[in-house]
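The values are calculated or read from the model by the stated rules, or taken from the named source; none is laboratory data. As the structure is a computational prediction, the values presented were derived from the model and not from experiment. Glycine gets a Cβ as well: all are built from the backbone with ideal geometry, and neighbour counts include every protein chain shown. Remember, those area values only see protein heavy atoms, side chains included, never the ligands or the DNA or RNA. Shrake-Rupley method; radii C 1.70, N 1.55, O 1.52, S 1.80 Å.
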Amino acid sequence: MSGWLLPALLLLAVLLAWRAAKVVQRYHRTDYGSRWLNWLEGLNRLFCLKFHRLEHDALELPATGPAVVVSNHLSGLDALLLIAISNRPLRFMIAREHYNWPGFNWLFRAIGCIPVDRKGRPEKAMRDAIAALGRGEVVALFPHGKIHLPDDQPRPLKGGAARLAAYTKSSIHPALIEGVAGAGHILPALVMRGHARVHVLPVIDPAGKSHAELMQRMEELLNSS
């Protein structure tokens, strides 16, 4: 190899990395508390908007204070789509078996995911979520409990989101995801290119509503596809 070629390639790599970092920085919007996580947040938004051709309504979360975000659950891409449209950090409640995935656990921990031990002590996750809402954070979850496609047999929603909203007086912000090419799958959905769309649905105010009324309203909205 010529004496000048290796330095030239290294310089080119540095320039490309610098350019990529600048592009990602333009897509960054939500402060996750560290430069590294903020860079990943910008990369995720770029990935969703450009690769998955994401279109979405505005997710109008309160500027401060607690809120609960809920959505239907089509694939492993869903959380990334919700993060991409949010201007506040989302703390997802996820099954512990997913939380402990090798290679991903560090990221789930870094962004504040709340593991749910579905076969052991699920009440601990509820206490952690209530504590997060008490600190004015935003908790996100999928009330279907697992991937559920529009043509699947109807499945009642789990009551966690309604309980959290009723107990902490937090507004519920529902969203409906469509157009995911890898619907029904977890990892393949990340690399299968579709035309993702997130419809933001009317906010549910918990004031004066019972748990049953909150559940009924979420059923109406999230099972409307």
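A few comments on the model shown:
- Neighbours by Cβ (under 7 Å, 6+ apart or cross-chain): first from the stretch 128-152, small (Gly, Ala, Ser); second part of a helix (DSSP H, G or I): Ala129/Leu164; Gly134/Thr168; Ala140/Leu82
- All helices (runs of 4 or more DSSP H) inside the stretch 143-225 with 3 or more residues being in contact with a strand residue (DSSP E or B) (Cβ under 7 Å, 6 or more places away or on another chain): 160-168, 211-222
- Residue check for Val203: within 18 Å of the chain's Cα centre (by Cα) and either among the polar types (S, T, N, Q) or crowded, with 17+ Cβ neighbours inside 10 Å (or both): no
- Criterion (hydroxyl-bearing (Ser, Thr, Tyr) and surrounded by fewer than 19 Cβ atoms within 10 Å (Cβ to Cβ)) met by exactly one of Ser170, Ser210: Ser210
- Any hit, the stretch 51-67, residues being more than 17 Å from Val24 (Cβ to Cβ), of a type in the set (S, T, N, Q), open to solvent by 10 Å² or more (accessible area, probe 1.4 Å) and touching a residue at least 60 places away in the same chain (Cβ under 8 Å): yes
- Residue list for the stretch 110-143, restricted to those being surrounded by fewer than 16 Cβ atoms within 10 Å (Cβ to Cβ), on the phi < 0 side of the Ramachandran plot and in contact with a Pro (Cβ under 9 Å, 6 or more places away or on another chain): Lys124, Gly134, Arg135
- Residue list for the stretch 68-83, restricted to those being touching a strand residue (DSSP E or B) at 6+ places or on another chain (Cβ under 9 Å) and either more than 21 Å from Gly42 (Cβ to Cβ) or open to solvent by 40 Å² or more (accessible area, probe 1.4 Å) (or both): Val68, Val70, Ser71, Asn72, His73, Leu74, Ser75
- Among the residues examined, Pro174 qualifies as of a type outside the set (A, V, I, L, M) and at pLDDT 95 or above.
- Residue tally, condition aliphatic (A, V, I, L, M) and under 19 Å from Pro66 (Cβ atoms), over the stretch 170-200: 3
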